[in-house]
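Report on the structure given below.
Only the coordinates and a few stated rules stand behind these numbers; no lab work does. In this text the structure is predicted, and so the values were computed from the model without any measurement. Cβ sites come from the backbone with ideal geometry, for glycine too, and all protein chains shown count toward neighbours.
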Amino acid sequence: MKRKRRVRKAYWLIGLTVMLVVLAMIYVQQGQGTTSHSSSSDDNPSVSTEQQKVLDTAAREAAQYDYDQAIQQLENAEGSEQTKTQEAIDSYRQKKEKLVSWDSDQPIPHLFFHSLIVDEQRAFDGDGMSQGYRDYMVTVEEFQAILEDLYERDYVLVTIDDLAQPNADGTMTYQDLQLPPGKKPMVLSQDDLSYYEYMDGDGFANKLILDEQGDVTNTYVEADGETKQGSYDMVPLIDDFVQEHPDFSYHGHKGIVAVTGYNGVLGYRTSKSAYGPESNQPNPDLAADQEQARQVADAMKADGWTFASHTWGHLNVQETSLADLQTDTQRWNDEVAPLVGDTNAMIFAFGSDLSDWHPYHGAKYEWLRDQGYRYFANVDASTEAWKQLEPGYFRQARINVDGMRMREALQGETDVLDVFFNVEDVYSDQR
């Protein structure tokens, strides 16, 4: 009996020894595999959180065709020798080689809008403003549908100084605008982004503000008086769209905002002459409004928007006198430029201009030139696109996208919008 127990014990010890040897071999093999993997960063390198942020930033820049900036970001980043980073650099270099220059004689259209209608029932309620809203505005839903069509048709947002810039001697020259084959540049702008007093209660947003994250958004007052915050006009709507579709923006650029000054800017009653202590309707929050408007404008510029003068008093420059134009320009410099920044772009109100298609000349042009203006935009919906480069300026024609132009399209009176979007699908049945 004792012998059998010794035999069983011997077998048990042998089995335990074998099991321990096997486990030890497995442990050694796993350890060797781990050591081998960690010593070769090219097989499957780990990426730190900071490195991933750089990769993500570069990917967005590349999506917006700024391959040079994306490559520079990656080459200067920590861990640039890693496989994942090198693969991204090689990919962006290959994509850059496929870009094509947009020739200066190719059409570059410029579409513009006014403030967007949020509540059609209040805008089209039959009062004295209804017809004007029908003629000159589009709704939020129409605008969103237009954006979708523009994107599907491969348009890409550029701004006016992507097209031409002054040389060291001040003369203007075309820029080498490069896009992938099939992509088409276009400029987008919005007039009168001041949320005028006459719009109160008619179903429009009432100002641009910064949310808790520092993003530009709107405040909007419902018919029942409830104030909401969100994307209710062109600026935040395009911001949202580009966030979802970064390839809709060239180098992060979005559009041009043309502002007057007589009712303030961006929904803030900022004009000292109109709302100061000695005015007929003083604004007790004038200084606070000016500061908030400045903060919003700074955030917009940092996020791809540029500003243009629409004249302080919404003047028809063709009909106004030189003296009145000079007074108006000085008011814009005093009351608007300190909030939105200096600008070298003039988008004419009323679709007017300093002359016909012939090159600019004369006292009004010389005054604006001496004030630093180098970019000018009028309105001409007779053709898809028109531009003019002269030594002292760059001029571009804009197409008004509004109820009037869309009605003309539906009635067969114009086909100028056909290349941009399907008017029949976009047009609201509430009109």
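List of remarks:
- Virtual paramagnetic centre 7 Å along Cα→Cβ of GLN330, amide N under 16 Å, in the stretch 298-314: 312-313
- Which label in (i) 22.4; (ii) 25.1; (iii) 25.8 gives the computed Kirkwood radius over Cα pairs in Å: (ii)
- Counting only alpha carbon atoms, the long axis of helix 286-302 and the longest principal axis of the chain meet at about 60°.
- Full-extension gain in nm, ALA323 to ASP169, via 0.36 nm per residue minus C-alpha separation: 52.5 nm
- Checked against a 19 Å cut-off, the cross-linked pairs LYS96/LYS183; LYS95/LYS184; LYS96/LYS387; LYS272/LYS301; LYS98/LYS387 give Cα-Cα distances beyond that limit for LYS96/LYS387; LYS272/LYS301; LYS98/LYS387.
- In degrees, nearest ten, helix 49-63 long axis to first principal axis of the chain (Cα): 40 degrees
- Extension gain, GLU244 to LEU410: 0.36 nm times the residue separation minus the Cα-Cα distance gives 56.7 nm.
- Our summary gives the stretch 289-350 a relative contact order of 51 percent, counting only alpha carbon pairs under 8 angstrom and 6 or more residues apart.
- Working from Cα pairs under 8 Å separated by at least six residues, relative contact order for the stretch 45-181 is 22 percent.
- Note: relative contact order over the stretch 255-400, using C-alpha pairs below 8 Å and six or more positions apart, is 20 percent.
- Rounded to the nearest 10 degrees, the inclination of helix 140-152 to the longest alpha-carbon principal axis of the chain is 60 degrees.
- For the stretch 86-186, size of Cβ-based charge dipole, Lys and Arg +1, Asp and Glu -1, in debye: 340 debye
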